[in-house]
1. Mind listing whichever residues of the stretch 76-95 are closer than 29 Å to residue 241 by Cα and either at pLDDT below 95 or surrounded by fewer than 22 Cβ atoms within 10 Å (Cβ to Cβ) (or both)?
2. Restricting to the stretch 200-243, give me the number of residues that are of a type in the set (A, V, I, L, M) and touching a Phe, Trp or Tyr at 6+ places or on another chain (Cβ under 7 Å).
3. Determine which single condition residue 335 fails, assuming it passes every other condition in (1) assigned to a loop (DSSP other than H, G, I, E, B); (2) modelled with pLDDT under 85; (3) within 16 Å of the ligand (Cβ to nearest atom); (4) over 20 Å from residue 13 (Cα atoms).
4. Filter the stretch 211-239 down to the residues that are in a helix (DSSP H, G or I) and within 16 Å of the ligand (Cβ to nearest atom), then identify the one that is farthest from residue 287 (Cα to Cα).
5. Which of the residues belonging to the stretch 56-97 are touching a helix residue (DSSP H, G or I) at 6+ places or on another chain (Cβ under 9 Å), more than 17 Å from residue 150 (Cβ to Cβ) and not aliphatic (A, V, I, L, M)?
6. Give me the pairs: first residue in the stretch 260-273 and at positive phi, second residue assigned to a loop (DSSP other than H, G, I, E, B) and surrounded by fewer than 19 Cβ atoms within 10 Å (Cβ to Cβ), beta-carbon distance under 6 Å, and six or more apart or on different chains, which are they?
7. What number goes with the only condition from (1) basic (Lys, Arg); (2) assigned to a loop (DSSP other than H, G, I, E, B); (3) farther than 19 Å from residue 24 by Cα that residue 100 does not pass?
8. Take residue 4 and tell me if it is surrounded by fewer than 20 Cβ atoms within 10 Å (Cβ to Cβ), at pLDDT 95 or above, of a type in the set (Lys, Arg) and not in a strand (DSSP E or B).
Amino acid sequence: MLARRTPPRYPLGMPELPEVETIARDLRGLVTGARIVGASSNWPPTLRSHEPEAFAAGVAGRPIEGIGRRGKQLLLWLGPASGATEGAAAEPAVLTVHLKMTGQLFVVAAEAPSDHHVHVVLTLADGRELRFRDMRKFGRMGLYRRDTETGEPLEGEAVGVLATGAEPLSDDFTARRFAEMLFRRRGRLKTLLMNQDFLAGIGNIYADEALWRSRLHPLRDAHTLRPDDIRRLHRALRDVLAEAVERRGSSVDDYTAPEGDGSMQEHLQVYQRAGEPCERCSRPIRRIVVGGRSTHFCSWCQRLPAEQRAGAAALLRSANQAAPAPIRRGSRWTEISGDGALGRTRDEEAKAAQRQRRIAANRKAAATRRAAARGGATARSGGAA
Ligand SMILES: [Zn+2]
């Protein structure tokens, strides 16, 4: 078996269900029972529900009663503000936190050093701070009145903020329910699994891993799954997510939890392993870009039914137009040359465009310098004459 090499740099991933669940568990131990006395924010867009001052007033005096999770978002359950007898402050609230790509939460002593990537600080009465650090600034927090039954924002409070899909680790997500959800459902498996209004909490990492485990091709049409395929996929989804929660998530990119990193990244079979041997068949793991997202799979173990190959190949050819790479039709599936990479992600597109702009700017600057040098030479020679 080939040795695993250092993975190449990939565009940033987002914390998914196991990572957010790990953060929720860590926070539960750290801040349940603590009281918020104030808040500050230096980047207003992070707060999706309030201006910074109104947000600070909205959380001040509230105890943190518990921590939950819905899909990829954290729910901080806040009690009524101490002493409040009427208005919103006297009602239970929920603070939703979406980490997006680079969001991190830390609980530290107030005097601990900070940095300019910390965008929201909740000050706790016991001298600690709950800090939200977010390099790329795509993370979002919202403060809403809470439905005490569900723990989620009251109906109509946060329309479109939380995922509406099934929770894949909940007891009522059975194989039978999954089959019902898939009934007549159109779309490619990879895209469907990542749809937060279908299943909540699954992103690139665990969609790729569950599909590899269940030997299903990411471009397979969802409505063509047979009962046995559905059972295998259901089992794979639950197994890989439960194992990842157990291992505190995958610490790829910027993910870390308040009580430390996860170790699931060492147990991933396909994600970010393009070119490495498949654990089952030793053939190289492939990487394609579909819908702007990297997709990793084994083209030998995860076969497409014959009748779907032409359609999938057409999809790949169109993805291939941005960054041409030779495609060879294999006996089982379209083989991709090189390290299995095809197409470019949005991040890679942006980087390529940035590079082009930099080159153009450098050329222009060099031309200006040359022109200035020539001008200076003319002036000097003119002065000498
Ligand atoms: Zn394989």
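1. Passing the criteria: only 77.
2. The qualifying residues number 5.
3. Only one criterion in (1) assigned to a loop (DSSP other than H, G, I, E, B); (2) modelled with pLDDT under 85; (3) within 16 Å of the ligand (Cβ to nearest atom); (4) over 20 Å from residue 13 (Cα atoms) is unmet by residue 335, namely (1).
4. Among them, the one singled out is 232.
5. If the condition is that a residue be touching a helix residue (DSSP H, G or I) at 6+ places or on another chain (Cβ under 9 Å), more than 17 Å from residue 150 (Cβ to Cβ) and not aliphatic (A, V, I, L, M), then 58, 61, 62, 72, 80, 83 are the ones that fit.
6. 272/7; 272/10
7. (3)
8. The answer is no for residue 4.
The values are calculated or read from the model by the stated rules, or taken from the named source; none is laboratory data. Just so it is clear, the model here is predicted, and its values are computed rather than measured. We place every Cβ from the backbone using ideal geometry, glycine too, and count neighbours over all the protein chains shown.
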